[in-house]
Structures are given as structure tokens and as C-alpha cells.
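Here is the structure we will look at.
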Amino acid sequence: VPVVGPTLLAVFSYWLGAVPDWRLTIFGAMILFVVYYLPDGIVGFVRNLFFSTRRAALSVKKDLVKEQEAVPDAARGHGETLLAAKQVLMQCGGLKALNQVDLTVKRGTIHGLIGPNGSGKSTMMNVLTGIYVPTAGAVEFSGKSLVGLAPADIAATGIARTFQNVQLFGEMTALENVLVGLHHTFTTGLAGIALRTPKWKGEEQGARARALALLEFVGLEGMANEEARNLPYGKQRLLEIARALALDPQLLLLDEPAAGLAAAGNG
Ligand code: ADP
Ligand code: MG
């Protein structure tokens, strides 16, 4: 295609030399046509047409899904201190959004952070996940300081989160969103991916199986190939939880996880 395409284009362009006034207009129209109607290119268009979208080509082996334990047992190592935040101060301009907050979380426990709107719950999550760097105070996770680490590095140490305002990749499918959370499980380099080595295929299959298991865990297995932006709000929130769990976190932070979700039985 890369050889034939440019050759045809060159011939076409040569032929257009006969109508110099229209040349730019015609090329402009071609570009607009491609941008609007063939965003994946000609090959992508044909592939999507005949292979009912590359996304359906998931072909996940069912037995692999069975093998995967969606969410590992949280009770392991019960009781040890996982997170210790001490005297955290977060100054936003003239406002102390957090003022000398202490928070200790032990492994295997569940905590609720309760307070009215604007009391600093989301700010605390943003401090714990590196979105904000606290003005003062210490945040330690498994004995290691998190202050000043980038959000991605904090995620890599084992803290996953969801957001009060859903932050999904809208144009990617539910499954692909969870796969993003599984990014850390891939070790194949660019060359391996380009050459589609057996190692890469194995990792890809494993990750897809695990992503499906996570979707099943939050009850979204039937919507794996749905674009995230098309999911109802409540399901988007569940998808965020699945993506967070994909990180295999030691600590899971849920910012207002129940907002917008009806109780079971209310539809
Ligand atoms: P909650 O999640 O408990 O409703 P927030 O953490 O969102 O509360 O907000 C706590 C306070 O901090 C609010 O008064 C908010 O306006 C303020 N705040 C949070 N982030 C910022 C920021 N980046 N700049 C200025 N003020 C902020
Ligand atoms: Mg909030």
C-alpha cells in the first residue's frame, strides 16, 4: 500500500497539472474527505468494514479468563501500616484546603472520608496521588515518601484511584480503558510489538483476559466493546473502578464512588 498509494497519487497529481486552478481545491477536498470519513486510513476502513472492527477481534480464550483471579485477596498482610500521612497542609492561594491532616491506613481495612462539599476530600486524594504536592507535611506509603513523586510513579508504587468527575478515554472501548490500567504488565519493547513476537502475543492475550475478568467483576462484561463515552454515567464510574483495579493496587482510592449510582434494585 505505501508503494502503490503514492504512485497513484503522483500520477493523479501529474494529471491534475492540466487544471492548475483546481489543483489545491481538489487536494484540499481530498484531505477533508480523509479526515472526516477515513480517519483510520484506507486500510483501516477496509479492515473495520470486513473484520467488524479490530476491537471485535478480541478472541480471548475463555479458559484464560477462568484462570484469572479478578481481585486478589485483600486480607493478605492484614494489619501492617500501608499509608501514613502526617500533618498534611495544602495551601491553595489564601485558603488552607487541608490543614494538618493525619491519616493512617492499615492493609486490609476500609476507610471512609466524610465531610461536606468543599471540605477537602478530593484535595486529600489529589495530594495522596501526586496531582497536588502538599505545601507541608509527610506522606509515606509502605515506608517510602510520596511527596514530590509524579502521579505515574505513585501509581506504580501501588496506589490507584478513581475521580469525582469521571476521567475515561471516551473514544476507547471499555476493554481498552481497562487495558490502559494493565499497561504496567507489558514488558515487550517496541521491536517485539512491531514483530508481533509470541511473547507479545502472550502478554496481549493475558492482559485481555484479565481486563475481561475485571469487567466481569464490576458487571460490565457485556459492554466490553462499547466506547466508554457511550456508557451510561453509572457504568462509566464502574469502568473507572475496573481500570483502577487493573493496576493491582495496594491501596484503592475512590472519590465519591456512589455519586450518580442508584442502589441495587432501583434500576
Ligand atoms: P470536597 O472534595 O471535600 O468536596 P475539595 O477537596 O474539592 O472538597 O475542595 C476543598 C477546598 O479546596 C474547596 O474550597 C476548593 O475550592 C479548594 N480547592 C481545591 N483545589 C483547589 C485549587 N487547585 N485551587 C484553589 N482552591 C482549591
Ligand atoms: Mg470532592
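Relative to the longest principal axis of the Cα atoms of the chain, the long axis of helix 20-37 makes an angle of roughly 40 degrees.
Build a GNM of the chain with springs between Cα atoms under 10 Å apart, and of Ala84, Ala29, Ala194 the one that fluctuates most is Ala29. Principal-axis analysis of the Cα atoms of the chain puts helix 233-246 at an angle of about 80° to the longest axis. For the chain, a Gaussian network of Cα nodes joined below 10 Å ranks Gly79, Gly93, Gly118 by mean-square fluctuation, and the top entry is Gly93.
In loop segments of the stretch 180-267 as defined by DSSP, the trypsin sites (Lys or Arg not before Pro) with at most 14 further C-beta atoms inside 10 Å of their C-beta are Arg196. Summary value for the chain: 19 percent relative contact order, contacts being C-alpha pairs under 8 angstrom separated by 6+ residues.
Working from Cα pairs under 8 Å separated by at least six residues, relative contact order for the stretch 138-266 is 40 percent.
Rounded to whole numbers, the Karplus 3J(HN,Hα) couplings from phi for the stretch 198-208 are x, 4, 5, 4, x, 5, 4, 4, x, 5, 5 Hz, using 6.51 cos²θ - 1.76 cosθ + 1.60 with θ = phi - 60°, and x at Gly and Pro. If you take the beta carbon distance between Gln167 and Val1 as r and set R0 to 51 Å, what does 1/(1 + (r/R0)^6) give as a FRET efficiency, to the nearest 0.05? It comes out at approximately 0.90.
For the residues Gly112, Gly143, Gly28, a GNM of the chain with alpha-carbon springs under 10 Å puts the largest fluctuation on Gly28. Using Cα-only point scatterers and the Debye equation, what is log10 of I(q)/I(0) for the chain at each q in 0.15, 0.16 Å⁻¹, rounded to two decimals? Taken in order of the listed q values, log10 I(q)/I(0) reads -1.16, -1.26.
No lab work stands behind these numbers, since they all come straight from the coordinates. Being a predicted model, the structure only gives us computed values, none of them experimental. Note that we place each Cβ from the backbone using ideal geometry, even for glycine, and neighbour counts take in every protein chain shown.
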